[in-house]
Amino acid sequence: MKNKKVIFSIYVVSVAACIIAGFLIGPLLTGNHPERELGSVEVPNNLEEALYGADVVIKGVVSKVEEPEKRSSGVGFDYDVTPAIISVSEVVYGEVPEEKEITFLQHGIEKDNPETDFVHEGEQVYLILVKTSDGKYWSYNFDDGVWKVRNGKVVSETTNKVLEQLDGTSQNTFKAEIKTSVEEIMSNNESN
């Protein structure tokens with residue numbers, strides 16, 4: 001009888017652990033950040049939809065990449081981030097940051113995540129960002145928000161079919177497309 005109770009207890013704890021792990025790890029795998037509400041990820045049909053959740057789009061230079069640190073998920077576990085200090089030279093869209101420099105939180109540690117496109121000191125970048133509750137910034141949906149300037153063109157590791165259309169375009173085209181899309185979003189919000 002005692003063995004049945006032990007086996008049943010182990011079973012209940014295992015099922016509960018799997019459910020909790022699904023809620024905790026699921027947002028990381030789907031591109032939702034722990035600070036955001038849990039929900040489904042829909043594939044955008046146009047640039048307006050692809051940018052809908054972004055808080056700010058900036059142009060800047062990576063002035064420093066800091067040592068990795070642990071960040072609390074707020075739901076019982078910590079994860080690695082690699083902060084980068086970005087000197088903001090232009091705000092393409094959104095609220096102007098209070099400081100000329102912002103902290104951009106990169107998911108993970110570069111040596112442990114070779115598939116992730118980390119920024120490096122001296123790089124000129126456009127970043128599509130989501131502001132955290134403590135005033136720092138995440139990339140909007142991982143690689144979708146990181147755009148590096150190379151030879152006057154913007155390049156990204158995005159896998160978003162809508163955003164991929166901007167990969168390899170000139171900086172002027174990139175900014176114009178972002179601004180047009182944001183104006184469309186604002187116009188739609190005002191009419192609703």
**OP:** Only one of these is farther than 27 Å from E69 by Cβ and either open to solvent by less than 80 Å² (accessible area, probe 1.4 Å) or touching a residue at least 12 places away in the same chain (Cβ under 8 Å) (or both): V182, V125. Name it.
**Re:** V182
Original post:
Listed residues K175, K111; which is exposed (fewer than 15 other Cβ atoms within 10 Å of the Cβ) and part of a helix (DSSP H, G or I)?
Top reply: K111
Subject >> Subset of the range 113-137 (residues that are over 12 Å from the mean Cα position of the chain (by Cα) and either β-branched (V, I, T) or within 19 Å of V92 (Cα to Cα) (or both)) >> reply: V119, E123, Q124, V125, Y126, G135
Subject >> Single unsatisfied condition, G145 versus (1) in contact with a Gly (Cβ under 8 Å, 6 or more places away or on another chain); (2) crowded, with 19+ Cβ neighbours inside 10 Å >> reply: (1)
**OP:** Look through T116, T82 and report the one residue that is touching a residue at least 24 places away in the same chain (Cβ under 8 Å) and part of a strand (DSSP E or B).
**Re:** T82
Subject >> Failed condition for F104, given (1) exposed (fewer than 15 other Cβ atoms within 10 Å of the Cβ); (2) in contact with a Leu (Cβ under 9 Å, 6 or more places away or on another chain); (3) closer than 23 Å to L166 by Cβ >> reply: (1)
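The values are calculated or read from the model by the stated rules, or taken from the named source; none is laboratory data. All figures in this text were calculated on a predicted structure; none of them were measured in a lab. Don't worry about glycine lacking a Cβ; one is built from the backbone with ideal geometry, like all the others, and counts go over all protein chains shown. Accessible surface is based on the protein model in full, side chains and every heavy atom, while ligands, DNA and RNA are left aside. Shrake-Rupley method; radii C 1.70, N 1.55, O 1.52, S 1.80 Å.
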